[in-house]
Structure formats: C-alpha cells, structure tokens
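In what follows, a single structure is set out as structure tokens and then discussed.
The values are calculated or read from the model by the stated rules, or taken from the named source; none is laboratory data. Remember, predicted model here, so these are calculated numbers, not experimental data. Here the Cβ positions follow ideal geometry from the backbone for every residue, glycine too, while neighbour counts run over all protein chains shown.
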Amino acid sequence: MQYGDTDPIAALATARSESALALIRTAGDNAIELLAKVFSRPEKLKSAAPNSVVHGWITDPDSVGMNTFKRIDEVLVSVFRGPKSYTGEDSADISCHGGIATAKAVMAALKKAGFREALPGEFTFRAFMNGKLDLTRAESVMEIVAAKTGRSREQAVRRLAGALEKEVSAIKALLVDVLAGTEIYLDYSEDEFSTSSDEEIAGRLPERSLAEEAADRLKALSEHWQRERIFVEGVLAVLAGRPNAGKSSLFNYLLREDRSIVTDVPGTTRDWIEALILLEDIPIRLADTAGLRELGSKENCEVEQKGMERSLELLDRADIILYLIDGFEGITREDWEFFSRHKKATAPKPIIIIWNKTDLAQPPVSKEEFPGKFLALSAKTGEGVSELIHAIVELLNVKSATPEIMQEAGPGTIRQKELIDTALTSIQEALALADSDEPLDIIAPLFRSAINALGEITGEVSNSDILEAMFGRFCVGK
C-alpha cells in the first residue's frame, strides 16, 4: 500500500468506542459499485443521485446468492459523486450504529467486497492530489481535529477557508511580476530601454516597490506565527521554587483537581508532572516541578537530586516561569540565587515572582529587586489567583493583537513558517544586493527561490517524501 493510487479505500472516521453512531468512509475507483455488493438494495445504491442518502442494510458478502442474506447492521449511506466530493472521486459515507463490534463487522464486509484499509490521511491526500485542497487547507484539516481551544479552531477554519492560501498566492504574484521585469532587463540590451528617469535606468531592480511590499507582507505572516503557535501548541508554564513553597497546591488549584501530592515534607515532588489547562482560551501546559534547594546527607538525596536536575532541564524549555516564594519562610538565599542566575541568563525567560501564602504572611513593601512581575496570592484560599491568570495572559502578549490581526490567518504549522522565512530571507538578500548595485543576473535567482518556497507552502512545488511524511501524521479516517 502506498499514497498516490486510486484503489478503493475504507476507514472508520469516528473513535473506536461505544457511541450512538459510527461513520465509515469509502472512496476510490468503483467505490459505490463495490459497496453495492454488500448492500441490501444494490441497484438503488448504484443509481443514487449525488449528495443523496440511501437506507438499507450492510450484509455479509458470503451470504450473497443465498435465499436470505445475512444482515450485519442497518445503515444510512450518503452518496457523493466525483468530482464534486471531498476527494474528487466517487465516495460514500456509511452511518452505522456505534460500537466496536459493529464497526469492525462492517469494515470486514467492505474488505471482502474489495476495499483496502486507508492509510493515515489518505482521503485528504487524494483531495490534495485531485485539486480539491491546497496544502494549507489540507494541513488545516488536521489542525481542526487537534484544536484545543475555540481560538485555535477559528484560526484553523480560516486557513481551511483559504485565508492563508490567498495571502501566499497574492505575495507570490507580486514576486512573479518582479521576476518578470527583472528577466526582461536581462533578455534585452540596456540601450533598448528609456533612460528618461532614474527609475527606468537599465540595470536597476525593476518593480522594487512590489518586492518591498512582498517582504513586508511575509514579515507580517512570520510574526503572526508566534500568536498562532500559542493557540496551536500551547505554552509551557513551569512552576518553580523551593520545597513547600506551594507549587503543588497552586498546580492543583489551577487544575481544579488533586494531581500533585501536597504535604509538609520537603522533597515530596521528585519528578515533574504536566497537565493542560485553559486560561482565557489559551492552552497552557502547566508543569509542577521538584523543589530547588541544597541537599544534606540524607539517604534519598540522590533521588531528589535527579528530580531537581529534571526541573532545571524543564526550566530551560519553559515559555514562562512561575517562581513561588514561601511567604511563611520569607525570601531565602536559594531564592536570591535563582533570581541572580535568571538575571545573568543570555536570554532570560519571561518570569512572574509569586509570593505565596498571603493567608499566613504579607509580602515585602519593596519589590524592585525582583527580576520580573511580582504578585501575591494564596494557593490555599485562591486569593489573588485571578490576578495571576491575567498576568500570565498579559505576559504572553496575546491580547496585544488587534481584532483585525486576530481575524487574519497566519501560518499554522512550523513547515509553513520555515518556508515563509526562507522566502523572506531570499527577498531581503535580493534587495540588499540591489542596494549594492550588484548585477541583476545574481539577483534574479533569489526571487525564483522565494517563489519556489511559497509554492511549497500551497503544494504547487512538492515531492512524494514530504507529502507522505505530512499526511502520515493524520488520522486514518481523514
């Protein structure tokens, strides 16, 4: 089995679990005719109009020709005729009763009729190959399936509707005009062009303003990725601090359930634990870590030491650090040492200093020496937690985006982001060479490179290895 053929395929498009209904998708050469072999009303199905629904039974193909056929399940079959279907081929969706055994029996009947099980993402792959979707729309299908929040779903829907493809195509059109003008200058001698103005002197970069506009629009798309990444991948927020500072209590409070063990014994948390929460519709991967402290000569020091090493590794990967101070104990030497290391870091992480246990002790008046935003709260009572949530969202800079920007659809995958950056780098290099009065025959290939990179985003330029790797991450039923 491989991507790229037109074999009749079938796959369960809903979860393998008990449910009211299950959906099995079919497509490919003679898909409807093959399905008719295991359908109780074969002629009705084969003559069904496009976008119509036929009621009947899926039957055991081994019972065909017998006085009574063996029924497997009562179903509704939605018929779609190519090219006006999802994949561009004849296809049919079978709505059967939910349940693992039922779906398994229907799939077994389809395989006997001549269908093979679809590869991951093969339906969407065929939609792309048959011109029904460009790659940005195809990738957005999986983004919608994996969306963790309403915002990530909205952005994926915009890409599915073509917002990103239209912007990329518009930028590509600008570059095609620039390249066309450049190659005209290269194909004809200088004295054939008018030199009545500086802008028309042969050898200068033609349509420079279009190249600059393309660069500006690509830069805006690239910058939009940071916001998109937050909603697509989530943000890693790491709780750090000394033992008993209240990290696990705050973790449980934000999670609204007891996931971390909370005791008065230092070193209870030996490894980090992660959970997904939503703060103002932003997915946050919240991690509770082992307490950071100097160890004595206890028997379990080695285990605790490994826990702290893993905590430090996680802090290096964090998008934002939430450092807790034990308000009852006050600021200790270990706290100041952590702040000092953070200030000296080459690229310090965004950090919020949290004075915990305000129900027992109030924070100091002066907060100027701390290396980030300072907040006071009680993880036990919840006082001040809402202010913390607001501060996290504010620090992520998500709310700074205007409503107009948030209505745009930037790149949704790292593949798209890298290709946008590749195109942008090529244009910027071309403009720099033009500023240095370099020959156009050196500059022109850079615009071709940028155009090819944009073509890869939409799939006009592609290769089989990249496509198989991409669609291989999809669900089987997609």
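Summary table
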quantity: Any hit, the range 435-450, residues being closer than 22 Å to Phe123 by Cα and surrounded by 19 or more Cβ atoms within 10 Å (Cβ to Cβ); calculated: no
quantity: Condition met for Glu18 (exposed (fewer than 13 other Cβ atoms within 10 Å of the Cβ), among the acidic types (Asp, Glu) and in contact with a Gly (Cβ under 6 Å, 6 or more places away or on another chain)); calculated: yes
quantity: Selected residue (criterion: farthest from Leu133 (Cα to Cα)) from residues of the range 423-462 that are over 29 Å from the mean Cα position of the chain (by Cα) and small (Gly, Ala, Ser); calculated: Ser436
quantity: Failed criterion for Lys399 (all others in (1) touching a helix residue (DSSP H, G or I) at 6+ places or on another chain (Cβ under 8 Å); (2) at pLDDT 90 or above hold); calculated: (2)
quantity: Some residue of the range 234-243 being under 30 Å from Leu454 (Cα atoms), touching a Lys or Arg at 6+ places or on another chain (Cβ under 9 Å), among the small types (Gly, Ala, Ser) and modelled with pLDDT of 85 or more; calculated: no
quantity: Filter result (touching a residue at least 40 places away in the same chain (Cβ under 8 Å) and farther than 27 Å from Pro283 by Cα) within the range 201-242; calculated: Gly203, Arg204, Leu205, Arg208, Ala211, Glu212, Ala214, Ala215, Arg217
quantity: Sole residue being outside the structural domain of Glu213 (by TED's automatic domain parsing), among the acidic types (Asp, Glu), at pLDDT 90 or above and part of a helix (DSSP H, G or I), chosen from Glu167, Glu139, Glu143, Glu154; calculated: Glu139
quantity: Residue check, Phe447 in contact with a Ser or Thr (Cβ under 9 Å, 6 or more places away or on another chain) and at pLDDT below 80; calculated: no
quantity: Qualifying residue in the range 56-65 (condition: touching a Cys at 6+ places or on another chain (Cβ under 8 Å) and crowded, with 19+ Cβ neighbours inside 10 Å); calculated: yes
quantity: Sole exception among (1) at pLDDT 95 or above; (2) within 15 Å of Ala22 (Cβ to Cβ); (3) buried (at least 16 other Cβ atoms within 10 Å of the Cβ) for Glu74, by number; calculated: (3)
quantity: Residue check for Leu210: modelled with pLDDT of 90 or more and under 30 Å from Asp316 (Cα atoms); calculated: no
quantity: Condition check for Asp465: within 30 Å of Ala15 (Cα to Cα), out of contact with any strand residue (DSSP E or B) (no Cβ under 7 Å at 6 or more places or on another chain), assigned to a helix (DSSP H, G or I) and not assigned by TED's automatic domain parsing to the domain that holds Ala103; calculated: yes
quantity: Residue match in the range 301-315 (condition: out of contact with any helix residue (DSSP H, G or I) (no Cβ under 7 Å at 6 or more places or on another chain), at pLDDT 80 or above and of a type in the set (S, T, N, Q)); calculated: no
quantity: Qualifying position, being among the hydrophobic types (A, V, I, L, M, F, W, C), surrounded by fewer than 23 Cβ atoms within 10 Å (Cβ to Cβ) and free of Cβ contacts under 8 Å to residues at least 60 places away in the same chain, among Ala113, Ala105; calculated: Ala105
quantity: Cβ pairs under 8 Å, 6+ apart, first in the range 381-394 and over 14 Å from Pro283 (Cα atoms), second part of a helix (DSSP H, G or I); calculated: Gly382/Tyr253; Val385/Leu250; Val385/Tyr253; Val385/Leu254
quantity: Qualifying residue in the range 432-441 (condition: modelled with pLDDT of 90 or more and within 20 Å of Ser222 (Cβ to Cβ)); calculated: yes
quantity: Any hit, the range 346-360, residues being at pLDDT below 85 and closer than 20 Å to Asn244 by Cβ; calculated: no
quantity: Residues of the range 463-478 classified as within 18 Å of the chain's Cα centre (by Cα) and among the small types (Gly, Ala, Ser), total; calculated: 2
